1. Determine whether Leu12 is at pLDDT 75 or above, among the hydrophobic types (A, V, I, L, M, F, W, C) and surrounded by fewer than 16 Cβ atoms within 10 Å (Cβ to Cβ).
2. Counting only residues that are touching a residue at least 60 places away in the same chain (Cβ under 8 Å) and on the phi < 0 side of the Ramachandran plot, give me the helices (runs of 4 or more DSSP H) lying completely in region 20-75 with at least 3 of them.
3. Quick check on my filter: what residues within region 38-52 are over 17 Å from Lys91 (Cα atoms) and surrounded by 16 or more Cβ atoms within 10 Å (Cβ to Cβ)?
4. Look through region 16-32, keep the residues that are among the small types (Gly, Ala, Ser) and modelled with pLDDT of 70 or more, and return whichever of them is nearest to Ala73 (Cα to Cα).
Amino acid sequence: MIDLHLQMLAELGWAPPSGDVIDEIANGGLLTVMQAATVCEVSDETIRRWNADAARRGQSLGKKGATWLIGRARLLDYVEKYQGGLPARVKAQNRLREFWPRWSEPSEDRLGLESRRAKAL
């Protein structure tokens, strides 16, 4: 019975946690507000409103430091529960799969900076 549930969850895109926080971040566990808005096909301001609503409900979607970092799992849970149900969640998950490979690549600027730093050493 558990195997059946795990298989159903896997078909919905869920994977058991593995690795550490760095692995989670590298696999799209944290999104910028812009990325979250792109995934959900809404504006940055809508993500901020959703975050305020989620915080009032007891669980913020993200953490604000120098910028907001939105937790993927919390965002997808919120979308499913309050913004369109399972179809909206699956759509957002599919968009994340589409965009994440591009977003996770190092930017040319960073590569150039790292190259210049390496040469300076």
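1. Spelling it out, Leu12 is indeed at pLDDT 75 or above, among the hydrophobic types (A, V, I, L, M, F, W, C) and surrounded by fewer than 16 Cβ atoms within 10 Å (Cβ to Cβ).
2. In region 20-75, 33-40 are the helices (runs of 4 or more DSSP H) which contain 3 or more residues that are touching a residue at least 60 places away in the same chain (Cβ under 8 Å) and on the phi < 0 side of the Ramachandran plot.
3. Arg48, Trp50, Asn51
4. Gly29
The values are calculated or read from the model by the stated rules, or taken from the named source; none is laboratory data. From a predicted model like this one, the values you see are computed outputs, not experimental measurements. Reconstructed Cβ throughout: ideal geometry from the backbone, glycine too, with neighbour counts over all protein chains shown.
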